[in-house]
Amino acid sequence: MPEKYYWSRKEEAKLLELWKKGITNMNVLAKELDRKPSAIEKKLKRMGVVVGKNRRQKTTTTAIKSKGLLTHKQALKVLAGALEALRKSGQDKLELQRLGILVDAVHTYDSVLEKFERWTEIESLTKRSLCALKRMFI
């Protein structure tokens, strides 16, 4: 296999055409285009085509599977865990971004939860006051 460096537009078009036809095996694509499988994969990534390898990325964040709202205490525990994880060295950039987003989200959630609870309390007081007024005038 000759060492090729640059890709012609024809080669790019053929690669995309083969990919769209469902040919996603790097070895098959490499043979068709007379390239190395790693070159095919790199080119697809540079072209913005999703090349999936079922790699599970290690992450400290997990999908939230909650049936109800988190309490203030639970939200603060999540926040504390994220902040603790941020302090550890050796985190990659993506993980730091995820943890930063988690910190922002929990902070916002706790603030909104606090407002929601206040409004619920105000609504409850208003209902009781209306009931009391109705009893007075009926």
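For the criterion of being exposed (fewer than 13 other Cβ atoms within 10 Å of the Cβ) and at positive phi, Gly90 passes.
Among the residues making up the stretch 18-37, those that are assigned to a helix (DSSP H, G or I) and modelled with pLDDT under 90 are Trp19, Lys20. Would you call Lys77 charged (D, E, K, R), free of Cβ contacts under 8 Å to residues at least 24 places away in the same chain and exposed (fewer than 11 other Cβ atoms within 10 Å of the Cβ)? So Lys77 does not fit the description; no.
The values are calculated or read from the model by the stated rules, or taken from the named source; none is laboratory data. These numbers come from a predicted model, not from an experiment. Don't worry about glycine lacking a Cβ; one is built from the backbone with ideal geometry, like all the others, and counts go over all protein chains shown.
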